[in-house]
Amino acid sequence: MKKTLIAAAFASLFVGQAMAAPQTYVVEPSHTFPRFSYDHWGMSKQILRFNTTTGTVVLDAEAEQAHVDITVDMTSIDTGFALFDEHIQNEDFLDTAQYPEARYTSTKVIFEEGVPVSIEGELTIKDVTKPVTLTVTSFFNDAHPMLEKDAIGANATAVIKRSDFNAGKYAPNVGDEVTLDIAIEAIAQ
């Protein structure tokens, strides 16, 4: 009898762990937009975005662990002006003919009080990979109000140098520092 109780208690430990398994969330493309801004010849701050983003976030909230893997279609650049979209896609900047995608993969997600506050990872643009840490400025994890599925949402920001990714033409007149501002929503699968 005693052995049966111990075995049952031991088995229940594994059942509890299985219930707290990591959850995979798939990027919801109509609400996920990486934006970036930079100084334009000291005249204005330009704010542009990419319209097509895919990827996943794996979250184990109980264990305070996560992994982020995001791909951005660089040809989906949206400046609001088609001729300027083409200009930014040329080889002096994004060179989308040769490098149509950028990718961010986390190496570590840092939590405070159960909420992710920063994401360390590697950003690859134009086949150049550099470490980039995103600061998470907001985070949501609950039922999606319309889909009634578990969902996450977040905003994150970082500053990179475009010259680090072989996209530094006209620097420093056109700002070398680029502020990334990312909005993401993802739905549990």
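We did not get these values from a lab; they are worked out from the coordinates using the rules stated. Just so we're clear, the structure is a prediction, and the values are computed from it rather than from any experiment. Glycine gets a Cβ as well: all are built from the backbone with ideal geometry, and neighbour counts include every protein chain shown.
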Treat the count of other C-beta atoms within 10 Å as a stand-in for reagent exposure and order THR71, THR129 from fewest to most.
-> THR129, THR71
In the list [x] 79, 33, 30; [y] 51, 39, 37; [z] 47, 43, 27, the entry giving Cα extents along the principal axes in Å computed from the coordinates is [x]
Mind checking which of PHE84, PHE111, PHE165 has the largest fluctuation in a GNM of the chain, springs on alpha carbons under 10 Å?
-> PHE84
Residue of ALA143, ALA82, ALA156 that the Gaussian network model of the chain assigns the largest fluctuation, springs spanning Cα pairs under 10 Å | ALA82
Given only helices, namely DSSP H runs of n ≥ 4 each adding -39500 (n - 2.57), what is the per-residue ellipticity at 222 nm of the chain, to the nearest 500 deg cm²/dmol?
-> -4500 deg cm²/dmol
Relative contact order, percent, the chain [alpha-carbon distance under 8 Å, six or more residues apart] | 23
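Given R₀ = 22 Å, what would the calculated FRET efficiency be for ASP164 paired with ALA97, taking r from the Cβ atoms and rounding to 0.05?
0.60
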For ALA171 and ASP78, compute 0.36 nm times the residue count separating them, minus their Cα-Cα distance, and round to one decimal in nm.
-> 31.4 nm
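Based on the Cβ-Cβ distance from GLN65 to MET146, what FRET efficiency comes out when R0 is 35 Å, to the nearest 0.05?
According to the calculation, E is roughly 0.80.
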At R0 = 22 Å, FRET efficiency that the Cβ-Cβ distance of THR179 and SER118 yields, to 0.05 = 0.90
For GLU28, net neighbour charge (Lys/Arg +1, Asp/Glu -1) across residues whose Cβ lies under 11 Å away = 0
If each K or R counts +1 and each D or E counts -1, the residues other than GLU64 whose Cβ falls under 14 Å of its Cβ total -3
Residues ILE88, ILE47 arranged by fewest to most Cβ contacts within 10 Å = ILE47, ILE88
What whole number of Å gives the distance from the Cα centroid of segment 152-189 to the Cα centroid of segment 94-111?
-> 10
